[in-house]
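Worksheet: one structure, shown below.
Computed from the coordinates by the stated procedures, all read-outs in this text should not be read as laboratory data. These numbers were taken from a predicted model, which means no experiment stands behind them. For neighbour counting, all protein chains shown are included, and Cβ atoms are generated from backbone atoms with ideal geometry for every residue, glycine included.
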Amino acid sequence: MNVDEEVSREAKKLIEATILVAEEPINMAYLKKLFTGQFEQKQILEWLQELQASWQERGVELVEVASGWRFQTKADVQDKINAVNPEKPPKYSRAVMETLAIIAYRQPVTRGDIEEIRGVAVASNVIRTLEARGWVEVLGYREVPGKPALYGTTKQFLDDLNINGLSELPPLMDLQDNPNEVALTLPLEENTDIVLDIIDTVDTTINDTISSSKAT
Amino acid sequence: MNVDEEVSREAKKLIEATILVAEEPINMAYLKKLFTGQFEQKQILEWLQELQASWQERGVELVEVASGWRFQTKADVQDKINAVNPEKPPKYSRAVMETLAIIAYRQPVTRGDIEEIRGVAVASNVIRTLEARGWVEVLGYREVPGKPALYGTTKQFLDDLNINGLSELPPLMDLQDNPNEVALTLPLEENTDIVLDIIDTVDTTINDTISSSKAT
Amino acid sequence: MSDAEILEVPITQPIAKVKGEPIASLPTDLYIPPEALEVFLESFEGPLDLLLYLIRKNSLDILDIPMAELTRQYMTYVEAMRHGRLELAAEYLVMAAVLIEIKSRMLLPAPPAANEEEEIDPRAALMRRLLEYERIKMAAHELEEMPREGREFKRAHAWVDETLVERLPDVTLRDLQDAWVLVLSRIKMNKHHRISREQLSVREYMAKILKRLNEHKYVAFMDLFDEGMTVSIAVVNFIAILELVKERMVNVSQSEAYAPLYVSLGGEPVELTT
């Protein structure tokens, strides 16, 4: 089971980049898929540990948390960074914000619905983050195989955003609808009249011009 | 001005962690503050370049963009990552891309200016899409009745396209000089067949009508 | 080839003498299915785009546009749209008028030159617009091709150790809307989801009903309609129930004919038989 050194180097390069760009921690199942089942869990774990060792001396470390692997700052480095910019507000990842928007606007929705809309898998900790914040809750279960949970927003979500009801959310804009075009797209018959009017005007002007130029 | 090797190592460790953990690219002013003015710009730049070199062989690279330094994946590695989790990045419509191009190349422009160039009304959600992406912002208002907003591109737009300034955008083609060199640009990649079919049908009909009317 | 020569072609004439007479320039045998026309129309970003296409396709000289020829072609397409009973944006019709105006002005004897200055080509403004639009169109294409964050590359980032951060992120309505706009631009490429304000209110009532059913195992159908409801809210509420049934989130059951209807959460239909 000796893997070529070159292969190992490339694999670690890919694992490192994958974890670094991911919005959420990366788990073993994902890494296996990354290598299309080419390598065993044991092999991948070995690479992870080697990567971990290679980051030992840096300001950021590779750690395993409940939902997978991620890079995070070491406490001493974080202190120095905080000293420069103490009041930097934390931000939710794009995955969290988009999931929240989908639940708010399309509730009740299942995780499958969210995945379909976002076009990507929704990590369970994305929803957990929103549940922990008290913004999202399970409303019920859809009566289909697997009985997926239906999510909706809570009263606290409305309170925290300082609104009284979902209807106060900023209006949705469907990319299909084009509010400005509505005014412009008159039924064709009416439009034709406008054009005919314009053509009439143009004709009259032309005739005027012709007669006046003849007169000179 | 020889800085101790140990100091250098610690400094680079801190720079690396700072850039990795930041939400936005990190600029020189920030880095100077990080070292409480202890080191000169030249020294910090040297460290940045050393860091850049040390990442050369990895899947992620250290780059300088308009608003500062950041780590980002190399295209080939990103390809591999995308293959596992085919997250579809938003594809913008022609209306959105043309509006973006007008704002990028002709800024500051009002919505009216954009409509004048495109020859059609600009739906408000076209501009909202660009604002939400953080690519476009209101720079001010034109001093005319209605005080229309003047739009321009943001630093993030440059960052997201991996360039340092507007001057690095592809130059606008001067079509007037050599209009014939412009290839026939088809309207839409999709649907091209249908469009061509219709054009064929209309062409044939026009020609038929012309010849029959000539015959009489 | 002068414009006057091209103008001999009769097909352009009916457009010019529309007064009283219905527009008859379109040959009767021209039939294009409306759906195809719709696709055709959607393929162009507007009249400038269509004109540019016609010019490039026919290798016309954009700096010396044969107006009669271009107008004739343009009108044929506009007519085809009209026959397909398609709603045509006003811009297309305004452009038709502009083309006809330019064409007409070119037929006029040049007004006696008031001064030494060169006389202005009536086509100049149109030509400038077409060139500018084409330039922008190409630029848009090039922008699209540029490597873009999130597509060709992504930002790498590390987490801040959670124990160090106690502050929770603030989210504003604007943040939420921004996130939604991003979601929408993603949806757009997949399928045409229809999302409207109307639907949101149905969704709101769907959520309300589910919450209520969570508290009380099952609720009489009629009890889901509060007395104070306005007609429109009652309708939305009813649609919400139908939607819930359709999406298999709730069951509606009845013990026997004409007995009251009961609504329960999806799953086991509530046994009501006595």
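Observations
- Computed about the Cα centre, the dipole magnitude for segment C:36-161 is approximately 360 debye when only Lys and Arg (+1) and Asp and Glu (-1) carry charge, each at its Cβ.
- Shown for C:K208, C:K103: other C-beta atoms within 10 Å of each C-beta, ranked fewest to most, produce the order C:K208, C:K103.
- FRET efficiency, B:K147 to C:I233 (Cβ-Cβ, R0 41 Å, nearest 0.05): 0.55
- Sites C:S255 and B:V84 - FRET efficiency at Förster radius 60 Å, r taken between beta-carbons, to 0.05: 0.70
- Amide hydrogen neighbours beyond the local backbone of A:Y151, cut-off 5 Å, H modeled: A:V109, A:T110, A:L139
- Residue-wise HN-Hα coupling along segment C:215-226, computed from phi with Karplus coefficients 6.51, -1.76, 1.60 (Hz; x: Gly, Pro): 7, 10, 2, 9, 10, 4, 3, 5, 5, 6, 9, 6
- Backbone phi angles across segment A:118-129, fed through the Karplus curve with coefficients 6.51, -1.76 and 1.60 (θ = phi - 60°), yield HN-Hα couplings of 6, x, 9, 5, 9, 4, 5, 6, 5, 5, 4, 4 Hz in residue order; Gly and Pro are listed as x.
- Point-charge dipole on Cβ atoms (K/R +1, D/E -1) for segment B:5-84, about Cα centre, debye to 20: 140 debye
- Nm distances between copies for B:Q41, ranked from closest, using label points 7 Å along Cα→Cβ: 5.4
- Shielding by other protein chains, B:94-107, mean Cβ within 10 Å: 5
- Counting neighbouring beta carbons within 10 Å and listing from fewest to most, the residues C:L37, A:L31 come out as C:L37, A:L31.
- Shape category assigned to segment A:1-116 from the gyration tensor of Cα positions, a/c cut at 1.5: oblate
- Annotation: amide H of B:W69 within the under-5 Å range of B:I26, B:N27, sequence separation 5 or more or interchain, hydrogens built in the peptide plane.
- Residue mean of other protein chain beta carbons inside 10 Å, A:141-150: 4
- Inter-copy label distances at B:T201, using a point 7 Å along Cα-to-Cβ, come to 3.4 nm with the shortest given first.
- Segment B:5-84: relative contact order in percent, alpha carbon pairs under 8 Å with at least 6 residues between: 29 percent
- A simple rule links phi to the HN-Hα coupling: the Karplus curve 6.51 cos²θ - 1.76 cosθ + 1.60 with θ = phi - 60°, which for segment C:172-184 gives 9, 4, 4, 4, 5, 5, 4, 4, 5, 4, 5, 4, 4 Hz, with x for Gly and Pro.
- Unit charges at the beta carbon, dipole of segment B:1-74: most positive-side option, B:Q38, B:F71, B:I15: B:F71
- Other copies of A:G134: label-to-label distances in nm, shortest first, labels 7 Å along the beta-carbon direction: 2.9
- Residues C:H141, C:H216 in ascending order of nearby Cβ atoms (within 10 Å, fewest first): C:H216, C:H141.
- 5 angstrom amide H check on C:L261, placed H, neighbours 5+ away: C:F221, C:M222
- Were the residues from A:E168 through A:K91 laid out at 0.36 nm apart, the gain over their Cα-Cα distance would be 25.4 nm.
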